[in-house]
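To start, the structure itself, in structure tokens.
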Amino acid sequence: MKYDVMLCKILRKEQMTADIFDVTVEAGALAQAAQPGQFAHLYVPGKTLRRPISICEIDRAQNTLRFVFQIRGEGTAQLAALNAGDTLDLLAPLGTGFSLGDTSRKAVFVGGGIGVPPLLEAAKAFGTNATVLAGFRSQDAVILKEDFERNGNQVQIATDDGSFGHCGLVTDLLAKLDFDVIFACGPTPMLKAVCKIAQQRGTPCQISLEERMACGVGACLGCAVKLRRETGEEYYGHVCKDGPVFDFQRVVWEG
């Protein structure tokens, strides 16, 4: 895994919802090296630990990286207070991203909440062959629908309260579709349900795990996850280094 540290100028910043922000930075060689599904560790002045933020979009022609993140505490609140012209200290690109394979396949991308942004760059490669299923709490929380559609993706939305699209779980929509491969990112209950459908249908499936990360490079045990080898042996790996994207059959769910 090759990564580097760079001071990156913020080119654009927008507020998408009450607590979700959209930031694009000039990233030079980091943008050239980044792959869909990877993440960056962003330095927050005064904080010991960097904040892991998934890469939402990569523009190699413009050497930019786009991040869409939610305020989860003081650190991300400080990041959200930055504006165009300010700089971000990035450690990137980190982790193992999605293995897209044959983009002529019929792919479905399943995201929940802030797990939707990491899917944008990967879905872009599939164009009209991709269906994006995105789940949110309510209409006010819906993000990136137009971005996916600009890439030619078909988009279906599910909301918990029924204020937009399907009323219910995003996996309700998944159960009704035909597809060749699944890519998913979101909360654990959603990922478990996605994996169950993939198992029942015998469909390839890659999932991106959301986990607290301290170092971001596998040097600590802050993001330990139980995994399964091809032999069936179980062991503990790191979400930051071995993932965050895993073949669904490698992940051992607890409980």
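The values are calculated or read from the model by the stated rules, or taken from the named source; none is laboratory data. All of these numbers come straight from a predicted model, not from anything done at the bench. Backbone-built Cβ (ideal geometry, glycine too); neighbour counts: all protein chains shown.
Only a single criterion out of (1) within 22 Å of ILE197 (Cα to Cα); (2) assigned by TED's automatic domain parsing to the domain that holds PHE39; (3) not β-branched (Val, Ile, Thr) is not satisfied by ALA122, namely (2).
Whether a residue is over 24 Å from ALA18 (Cβ atoms) and among the β-branched types (Val, Ile, Thr) was assessed, and VAL194 passes this test. Checking every residue in region 158-169 against the condition of being within 17 Å of the chain's Cα centre (by Cα), surrounded by 18 or more Cβ atoms within 10 Å (Cβ to Cβ) and closer than 23 Å to CYS205 by Cα gives zero matches.
Here's the yes/no breakdown for (1) crowded, with 18+ Cβ neighbours inside 10 Å; (2) farther than 17 Å from VAL116 by Cα:
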residue: ALA27; (1), (2): yes, yes
residue: LEU30; (1), (2): yes, yes
residue: GLN38; (1), (2): yes, no
residue: THR48; (1), (2): no, yes
residue: ARG51; (1), (2): yes, yes
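A single entry from LEU90, LEU49 fulfils the requirement of being closer than 25 Å to GLY237 by Cα and in contact with a Cys (Cβ under 6 Å, 6 or more places away or on another chain): LEU90.
Could you check region 25-109 for strands (runs of 3 or more DSSP E) lying wholly inside it with 3 or more residues that are of a type outside the set (Asp, Glu)?
Values: elements: 39-42, 51-54, 57-59, 64-70, 87-94.
Output list reads 39-42, 51-54, 64-70, 87-94.
The residue list GLU230, GLU211, GLU254 contains one member that is modelled with pLDDT under 95, charged (D, E, K, R), surrounded by 15 or more Cβ atoms within 10 Å (Cβ to Cβ) and part of a loop (DSSP other than H, G, I, E, B), which is GLU211.
Can you find a residue that is closer than 16 Å to MET16 by Cα, outside the structural domain of LEU11 (by TED's automatic domain parsing), of a type in the set (Ser, Thr, Tyr) and out of contact with any Cys (no Cβ under 9 Å at 6 or more places or on another chain) anywhere in region 131-143? Checking region 131-143: at least one residue is closer than 16 Å to MET16 by Cα, outside the structural domain of LEU11 (by TED's automatic domain parsing), of a type in the set (Ser, Thr, Tyr) and out of contact with any Cys (no Cβ under 9 Å at 6 or more places or on another chain).
Given VAL132, VAL108, which one is under 18 Å from THR171 (Cα atoms) and out of contact with any Ser or Thr (no Cβ under 6 Å at 6 or more places or on another chain)? Don't jump to the end; show me each part of the working.
Numbers: VAL108 fails: out of contact with any Ser or Thr (no Cβ under 6 Å at 6 or more places or on another chain).
VAL132 is the lone residue from the list that is under 18 Å from THR171 (Cα atoms) and out of contact with any Ser or Thr (no Cβ under 6 Å at 6 or more places or on another chain).
Looking for whichever is more than 26 Å from SER138 (Cβ to Cβ), out of contact with any Cys (no Cβ under 9 Å at 6 or more places or on another chain) and touching a residue at least 12 places away in the same chain (Cβ under 8 Å) here; the options are ALA80, ALA29, ALA18. Which one fits? I'd like the intermediate steps shown before the answer.
Numbers: ALA80 fails: more than 26 Å from SER138 (Cβ to Cβ); ALA18 fails: more than 26 Å from SER138 (Cβ to Cβ).
Checking each option against the conditions leaves just ALA29.
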